[in-house]
Amino acid sequence: MDVLALLSPMTFLLVTFGVLVGIVFGSIPGLTATMAVAVFLPLTFAMDLSEGLALLIGLYVGGISGGMVPAALLKLPGTPSSVATTFDAYPMAQQGFAEKALKIGIVASLIGGVISLLVLYFFAPVLSGVAIEFGPVEKFLIILFALTIIASISEKSLLIGIFSALLGVFLSLVGVFPMNNELRLTPGFLEDQLYDGFSLLPVLIGLFGIAEILRNSELGLKDAAGKKVKLAKSKGSDEAKFKFSVFKGQGVNTVRSSFIGTFLGILPGVGGSAASLMSYTQTKNFSKKPDKLGKGAPEGVIASEASNNGLTGGALVPLLSLGIPGDSTTAVLLGAFVLQGIHVGPLFITDNPDLWSGIIIALLIANVVMFLMMFTSIRYFARVVEIPKYVLYPIILVMCVLGSYAINNGVMFDVWTALIFGVLGFIFMKIGIQITTFLIGFILGPSLESNFLDSMQASSGDMLVFFTKGPISWVIWALIIGSVVFGVRSNRRKKKAEAAETAEAASAGAN
Amino acid sequence: MHRKLAALTTVPILAVGIAGCGSLGGSGSENGLDVNRVRVVLGSSSTTADTYQNSHAFTTHVGEELGVNMKADAIGANRAFQALDSAKTDGSTVMFFHDMAYLSVKYGAQPEKFALDNWKVGPVVSTNPGAAFLAADEAPYDTMAEAAQWLKDNPGENLTFAVEAGGTSELSLDAFYLWVEDEYGAEVAERIKVFATGSDEEKNQALWAGNVDIIYGSIGGNEQYTKDDVEDKVREKFLGITASEPVEGYDIPTFKEQGIEVDGQPFTFNKEFFLLMPKDVEKNFRQTLDSATAKAIETDGYIDELAKNKFIPNYVPIKDSKDYIEKKRKRLESIIDQAPEFSDLAS
């Protein structure tokens, strides 16, 4: 079959439709790429498999990319993998550079997506071997490595950062313990509601959406309206205008982040959120101006977005070369194959060359369509930051409630979860617990635990296995230590600089 | 301008929200039912597992026969039971699952209030005859019986199984354990260990990583790893299936053929899919559903869709299904009663 036959108008239309719907799903907190793929999965049964996959791949790429929109504009990540996007895109948006921040994110997403696609196309069979080499011990260490972001982003105190993350891990363990089906950390009267623990998305919505609304309500919305954000006019201001030159000097960062995303995608059971967090940490560690990160630095947006889109091609590597999905969305995607009676395994690529090429082409089209669609329309989205908070917040609140309710197809407890974590988030802000690190702990907690338990099962409970497993684990240990040292040193430097500034200001005041 | 923007933002959000939340029930269908949409909740949350595939065939063809919109919703056992528990009696919510529906309660994985007695058992619809045990291709045994013999001959070794606590995999392992204990003594049986895992994908990875010796899988899902061209490190081989009859086209011995028995009877386990409905579900609904199922299940479309994944139709009408499942449950539960606790088998 030649390439032209694979590029049928129908395939193109389905990918385009998928990307559009995916972006909508990704943009609405509570709706995710996984959900978009799951909703459309039954429809694919009536289609030719390559067409069905084109639709689902469009949804996947669109869903992952759409997550950046509310992350930048509302500080409310549309999907868990866009948490790190909020760190810099939101401050940029608040400075009036929402359009620029989003455009940087879109370009980074395209680059990340295309790099991962190339890796998938050229190296899938080779890399499937890598996926097998990474057992539970290595995956546990990789997640630990992702957690070293705490050292980089801890505001004020590293100890509080660690405590916040541990609290997040702790609460992520509420519910049934799958090893023996016993409930843990669950009050008797909530056994039904908390059987599967707190759902991640309502927790995220509560912490980032509702808690923020509560905080602003306390400050007084009239005051906030006075300090209204005005979208900087890109015509008048050079700083506000998006130029591709913003990527100048960011080549290494973009490529590194894309590869981190792709690589973590290849490892099943690590989770997509770890990718953007890990890229962000590395960007901060290697940055010439680490202090700028977290305050609206384009390189932070690039790191997060290049890596979460890098995940798309990466997660398809173990799926198409081993039949093992790399993340939760590709797990649903696999359902499309199985429904048609096709079991994806080690011989899939050699046995189905047309389908394989179709997938690659669909992925390429999806990335290009995503770029064109978002890049041309984003300036309209960016205007959301201009809506005064007294109008915007009720809308966000409605979105939060509806999104939480929709996550598990109408479970009222998910709405309560969002509200409970909204209030908890507000209290956390008051007592100094860091919301972002708490959420990172909550997101990574379950995979941290399951890989720890698998390591223990495989080694008959020998804790030393994490140090003695072999060269891969030693390399990850070196990375963990390096990352913590970098993070701590950069925090210290920052503190010293701040102390010096304060002292200078004080002496200037005394004179 | 701001108001316009606000309105433009709110309308699609509300639309998506309302569509996402979904209103069940309705004004009735042409078939005389009180509902025009039926939510079929699944006991498994995976879209790659056999429950999803069997339910897809069911919802598509029976829904068509009934003239109602039937939608499978993969929410997992506990949520599905809860949804069924709070469902209306008009049939707007029913559950689709397999034998784990009652085994999970027996194993304590689900609370007693979700036991079979609390539901109306609907028609049995299909069977997955391919539930199988597999080992790495290089393993020194080719069948489950040989694996037991190997364990006896190698006193310093263990046999570790990847199984899910409270799942059908635990049941089949229990049967094997009891047979080994009976055949070779407790000392040999005690060297059978479990490695707790969840999905089929996790079981495969545990096998490839060398963390387990034997996994529970299926012909449909694992056949691809048994082919000659597959690389050594992921190549697997079938050791036996639990179904009562061999599967056509595959040279895989059943437990029965290998002489694996419990209480003097061959151990067979056919994984069967059936419906559960609220206890007091309206008679009209269940009768209409039953006759629609009887008709749909004979259509080529239904049979062909099941055949794609090597499942077979197996219709037991509502009037007989309760007794049919109860009989099976009693036999299986007696095996569970004799078997050691999951935690005692943990390595």
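Say whether the condition of being outside any helix (DSSP H, G or I), out of contact with any Cys (no Cβ under 6 Å at 6 or more places or on another chain) and touching a residue at least 40 places away in the same chain (Cβ under 8 Å) is met by at least one residue in the stretch A:17-29. Break it down into steps so the answer makes sense when it comes.
Here is the first cut: in the stretch A:17-29, the ones outside any helix (DSSP H, G or I) are A:28-29.
When the remaining residues are screened for being out of contact with any Cys (no Cβ under 6 Å at 6 or more places or on another chain), the result is A:28-29.
Those left that are additionally touching a residue at least 40 places away in the same chain (Cβ under 8 Å): A:28-29.
Looking through the stretch A:17-29, at least one residue is outside any helix (DSSP H, G or I), out of contact with any Cys (no Cβ under 6 Å at 6 or more places or on another chain) and touching a residue at least 40 places away in the same chain (Cβ under 8 Å).
Restricting to the stretch A:15-71, what's the tally of residues that are over 18 Å from A:GLY310 (Cα atoms) and of a type in the set (S, T, N, Q)?
Result for the stretch A:15-71: 4.
Counting residues that are touching a residue at least 40 places away in the same chain (Cβ under 8 Å), in contact with a helix residue (DSSP H, G or I) (Cβ under 9 Å, 6 or more places away or on another chain) and surrounded by 18 or more Cβ atoms within 10 Å (Cβ to Cβ), which helices (runs of 4 or more DSSP H) fully inside the stretch A:359-472 reach at least 3? It would help to see each step written out before you state the result.
Working: elements: A:389-407, A:412-431, A:435-458, A:465-468.
Filter on the stretch A:359-472 gives A:389-407, A:412-431, A:435-458.
Mind telling me which of the residues A:ILE360, A:ILE396 ends up being among the β-branched types (Val, Ile, Thr), out of contact with any Phe, Trp or Tyr (no Cβ under 9 Å at 6 or more places or on another chain) and over 30 Å from A:LEU159 (Cα atoms)? Write out each step before concluding.
On the way: A:ILE360 fails: out of contact with any Phe, Trp or Tyr (no Cβ under 9 Å at 6 or more places or on another chain).
None of the other options fit; the residue is A:ILE396.
Determine which single condition B:GLN265 fails, assuming it passes every other condition in (1) surrounded by fewer than 16 Cβ atoms within 10 Å (Cβ to Cβ); (2) under 22 Å from B:VAL105 (Cβ atoms); (3) of a type outside the set (Lys, Arg).
Evaluating B:GLN265 over (1) surrounded by fewer than 16 Cβ atoms within 10 Å (Cβ to Cβ); (2) under 22 Å from B:VAL105 (Cβ atoms); (3) of a type outside the set (Lys, Arg) leaves (2) as the failure.
For the stretch B:88-104, give me each residue that is away from every other protein chain (no Cβ under 11 Å) and farther than 14 Å from B:LEU275 by Cα.
If we filter the stretch B:88-104 for residues that are away from every other protein chain (no Cβ under 11 Å), which is where we start, we get B:88-92, B:94-103.
Across the stretch B:88-104, the qualifying residues are B:LYS88, B:THR89, B:ASP90, B:LEU103.
Taking the criterion of being assigned to a helix (DSSP H, G or I) and basic (Lys, Arg), would at least one residue in the stretch A:74-83 satisfy it? Spell out the reasoning first.
At the first step, the residues of the stretch A:74-83 found to be assigned to a helix (DSSP H, G or I) are A:74, A:80-83.
Retained after the next criterion (residues that are basic (Lys, Arg)): none.
Checked against the condition, which is being assigned to a helix (DSSP H, G or I) and basic (Lys, Arg), the stretch A:74-83 yields no hits at all.
What is the one condition in (1) surrounded by fewer than 24 Cβ atoms within 10 Å (Cβ to Cβ); (2) in a loop (DSSP other than H, G, I, E, B); (3) under 22 Å from the mean Cα position of the chain (by Cα); (4) of a type outside the set (D, E, K, R) that B:THR127 does not satisfy?
Only one criterion is unmet by B:THR127, namely (2).
Using the structure shown, decide if B:ASP320 is of a type in the set (Asp, Glu), closer than 23 Å to A:VAL344 by Cα and surrounded by fewer than 15 Cβ atoms within 10 Å (Cβ to Cβ). Give the steps one after another, and end with the answer.
Details: of a type in the set (Asp, Glu): yes; closer than 23 Å to A:VAL344 by Cα: no; surrounded by fewer than 15 Cβ atoms within 10 Å (Cβ to Cβ): yes.
Against the criterion (of a type in the set (Asp, Glu), closer than 23 Å to A:VAL344 by Cα and surrounded by fewer than 15 Cβ atoms within 10 Å (Cβ to Cβ)), B:ASP320 does not qualify.
A quick yes/no check of all residues on (1) over 23 Å from A:THR254 (Cβ atoms); (2) of a type outside the set (Asp, Glu); (3) over 18 Å from the mean Cα position of the chain (by Cα); (4) away from chain B (no Cβ under 14 Å):
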position	(1), (2), (3), (4)
A:GLY96	yes, yes, yes, yes
A:GLY105	no, yes, no, yes
A:VAL130	no, yes, yes, no
A:GLU133	yes, no, yes, no
A:THR148	no, yes, no, yes
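Would you check if there is a residue in the stretch B:199-212 being more than 22 Å from B:ASN309 (Cβ to Cβ), assigned to a helix (DSSP H, G or I), assigned by TED's automatic domain parsing to the domain that holds B:GLU261 and free of Cβ contacts under 8 Å to residues at least 12 places away in the same chain? It would help to see each step written out before you state the result.
Taking the stretch B:199-212 first, the residues more than 22 Å from B:ASN309 (Cβ to Cβ) are B:206, B:208-212.
Narrowing the set further to residues that are assigned to a helix (DSSP H, G or I) leaves B:206, B:208.
From what is left, the residues that are assigned by TED's automatic domain parsing to the domain that holds B:GLU261 are B:206, B:208.
Checking which are free of Cβ contacts under 8 Å to residues at least 12 places away in the same chain leaves us with none.
Scanning the stretch B:199-212, I find no residue that is more than 22 Å from B:ASN309 (Cβ to Cβ), assigned to a helix (DSSP H, G or I), assigned by TED's automatic domain parsing to the domain that holds B:GLU261 and free of Cβ contacts under 8 Å to residues at least 12 places away in the same chain, so the answer is no.
How many residues are surrounded by fewer than 20 Cβ atoms within 10 Å (Cβ to Cβ), touching a helix residue (DSSP H, G or I) at 6+ places or on another chain (Cβ under 8 Å) and under 20 Å from B:LYS283 (Cα atoms) if we restrict to the stretch B:65-83?
So the answer is 1.
Of the numbered conditions (1) in contact with a Lys or Arg (Cβ under 7 Å, 6 or more places away or on another chain); (2) modelled with pLDDT under 95, B:GLU202 satisfies every one except a single condition; which is it?
If we test B:GLU202 against (1) in contact with a Lys or Arg (Cβ under 7 Å, 6 or more places away or on another chain); (2) modelled with pLDDT under 95, just (1) comes out false.
Pairs, please: C-beta under 6 Å, at least 6 apart or cross-chain, first residue in contact (Cβ under 8 Å) with a residue 12 or more places away in the chain and in the stretch A:308-327, second acidic (Asp, Glu)?
A:ALA315/A:ASP327; A:ILE324/B:GLU201
Among (1) part of a helix (DSSP H, G or I); (2) within 26 Å of the chain's Cα centre (by Cα); (3) within 14 Å of chain B (Cβ to nearest Cβ), where does A:LEU316 come up short?
Here A:LEU316 meets the rest and fails (3).
Yes/no matrix, rows are residues, columns are (1) of a type in the set (S, T, N, Q); (2) within 27 Å of the chain's Cα centre (by Cα); (3) more than 7 Å from every other protein chain (Cβ to nearest Cβ):
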residue: A:PRO325; (1), (2), (3): no, yes, no
residue: A:LEU333; (1), (2), (3): no, yes, yes
residue: A:HIS343; (1), (2), (3): no, no, no
residue: A:ASN352; (1), (2), (3): yes, no, yes
residue: A:TYR390; (1), (2), (3): no, no, yes
residue: A:ILE396; (1), (2), (3): no, yes, yes
residue: A:MET399; (1), (2), (3): no, yes, no
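Restricting to the stretch B:212-247, what's the tally of residues that are more than 24 Å from B:PHE176 (Cα to Cα) and of a type outside the set (S, T, N, Q)?
Within the stretch B:212-247, the first condition is being more than 24 Å from B:PHE176 (Cα to Cα), and the residues that meet it are B:224, B:227-234.
The next check asks that each one be of a type outside the set (S, T, N, Q); those that pass are B:227-234.
Final tally of qualifying residues: 8.
Is it the case that some residue within the stretch A:185-206 is of a type in the set (Val, Ile, Thr), touching a Pro at 6+ places or on another chain (Cβ under 6 Å) and touching a residue at least 24 places away in the same chain (Cβ under 8 Å)? Give the derivation first.
Taking the stretch A:185-206 first, the residues of a type in the set (Val, Ile, Thr) are A:186, A:203, A:205.
Subset that is touching a Pro at 6+ places or on another chain (Cβ under 6 Å): A:205.
Okay, now just the ones that are also touching a residue at least 24 places away in the same chain (Cβ under 8 Å), so A:205.
Yes: the stretch A:185-206 contains one or more residues that are of a type in the set (Val, Ile, Thr), touching a Pro at 6+ places or on another chain (Cβ under 6 Å) and touching a residue at least 24 places away in the same chain (Cβ under 8 Å).
For the stretch B:224-269, which residues satisfy the criterion of being within 14 Å of chain A (Cβ to nearest Cβ), among the charged types (D, E, K, R) and assigned to a loop (DSSP other than H, G, I, E, B)?
B:LYS227, B:ASP228, B:ASP229, B:GLU231, B:ARG235
The values are calculated or read from the model by the stated rules, or taken from the named source; none is laboratory data. Keep in mind that what you see is a predicted model, and the values were worked out from it rather than measured. Note: ideal-geometry Cβ built from the backbone for every residue, glycine included; neighbour counts use all protein chains shown.
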